[in-house]
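K.L.:
There's a structure below that I have some questions on.
The values are calculated or read from the model by the stated rules, or taken from the named source; none is laboratory data. Just so it is clear, the model here is predicted, and its values are computed rather than measured. Glycine also receives a Cβ, built like all others from the backbone with ideal geometry; neighbour counts cover every protein chain displayed. Keep in mind that these areas ignore ligands, DNA and RNA; they rest on the heavy atoms of the full protein, side chains included. Shrake-Rupley method; radii C 1.70, N 1.55, O 1.52, S 1.80 Å.
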Amino acid sequence: MRAPMLAAAALLATSACNDSQPGTPARLVAGNSDTVVVNNQRPVQIPVRVLDARGHILPDTGVRFEWTSGTSIPISVNGTVTCTQSGDASVRVSLGTLTTNMLLRCRPVRSLHISGPVQLRLGDAPQELQIEALGLDGRPVDLLAGTADIIDSSVAAFDGLRVRPRSPGAALAGVTVGEQSAGVGVHVFEKVTSLDNLRPEQTYIALSVRMQSAELRHWHLPAGVWMMTMLPYEDENRGLRLRIEGANCTPATLTKRRYVCLVKSDASVIVYHPSRESSAAELSGELLVRRIEDR
C-alpha cells in the first residue's frame, strides 16, 4: 500500500478526460501548488503539468526553466536540477508565451532512519512514524517528499504518514526520500485482560497493568516460544518488573526489556511492583506478548 509523504512533490499521474478534445496550453503547474521539494542528491527532473482551459493534461514538450533568484542551484533549461546544497530558489517556467514562477526547495538527504519497532494496539488511533532525515551537513531535514509503503496491509495501513492498526500481526513499513530508504517493523497487538486461557490464534497480545506498592500478579503461559516486552522501555530500572518462571529466557538486543522464552510444558509470567514502601507511587505498564512458535 502506498501513501504520499509530507510535501507531495511527486508528479501526479493523471490522464486527460476523454469527453472532449484537449485545447491549447492555458496553465503550467509545477510540483505541488508551484512548489517543488527535492531531497535527491543526484540530478532529477522537475515535474510540470501543462493544462488546457478545461484541465486536460497536454504534452510538456517545449517547457523551459530559468533560475531567477535565491540560492544558486544548478538547473538546466529542460528542468533537470541538482541539489548540491540546502536552499530555496525561484524558477521561471515557460512554454511559448505562457509562464509561471515556482519555488524550488532543495533539501538533499544523506541518511534516513525510522525509530521502532512501531507497537500498535487494535482499536488505537493511528500512530505517526518517527522519521529522522539528515542533510549533507549532518543536520536534521524537516521538509521531505517521498513515498511510504507497508507490506501486508491486512495488518496495518497508512493514513498519510500515520500507521493505522487493522488486525493483530506483524508487517514491514518502508519510506523512500530522495535516494535514501529506511524500514521499520510494525506490530499490532490485541488487547486482553489476562494471559490465562489464550486461544491458539491469539499471537500478538497486549496486557495493561497498574499496581500498588508490593503488588504482584501472575499468569499461566503454555508451551511454545514466546517474545515478551515490558513497556515503557525508559522505566527499565524503576518501572514494573517482569519475571518468567519455568521457562528458558534470553534477553533480546533489539530493544530494552525484551525477552525470548522457550516454554517446554508451562510457565508463569510474573509482573510486580519493585517497591515495598507503602508511600511508593502507583506504577503502570504494558506487557506485550508475541507467540513465535507452538510446541
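K.L.:
Does segment 1-49 hold any residues that are modelled with pLDDT of 50 or more and among the aliphatic types (A, V, I, L, M), and which are they?
P.N.:
A26, L28, V29, A30, V36, V37, V38, V44, I46, V48
This table checks each residue for (1) at pLDDT 90 or above; (2) out of contact with any helix residue (DSSP H, G or I) (no Cβ under 9 Å at 6 or more places or on another chain); (3) assigned to a strand (DSSP E or B).
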{"residue": "L254", "(1), (2), (3)": "no, yes, no"}
{"residue": "V263", "(1), (2), (3)": "yes, yes, yes"}
{"residue": "S268", "(1), (2), (3)": "yes, yes, yes"}
{"residue": "V271", "(1), (2), (3)": "yes, yes, yes"}
{"residue": "S275", "(1), (2), (3)": "no, yes, no"}
{"residue": "S278", "(1), (2), (3)": "no, yes, no"}
{"residue": "G285", "(1), (2), (3)": "yes, no, yes"}
{"residue": "L288", "(1), (2), (3)": "yes, yes, yes"}
{"residue": "I292", "(1), (2), (3)": "yes, yes, yes"}
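K.L.:
Does at least one position in segment 228-240 carry a residue that is open to solvent by 30 Å² or more (accessible area, probe 1.4 Å), in contact with a strand residue (DSSP E or B) (Cβ under 7 Å, 6 or more places away or on another chain) and at pLDDT 90 or above?
P.N.:
No - not one qualifying residue is present in segment 228-240.
K.L.:
Here's a follow-up. Quick check on my filter: what residues within segment 137-190 are modelled with pLDDT of 95 or more and of a type in the set (D, E, K, R)?
P.N.:
Passing the criteria: R139, R164, R166, E179, E190.
K.L.:
Run V263 past the list (1) among the hydrophobic types (A, V, I, L, M, F, W, C); (2) open to solvent by 80 Å² or more (accessible area, probe 1.4 Å); (3) farther than 29 Å from A148 by Cβ and report the number of the one that doesn't hold.
P.N.:
So V263 meets the others, but not (2).
K.L.:
Filter segment 31-61 for residues that are over 26 Å from S111 (Cα atoms) and in a loop (DSSP other than H, G, I, E, B) and give the result.
P.N.:
S33, D34, D52, A53, R54, G55, H56, P59, D60, T61
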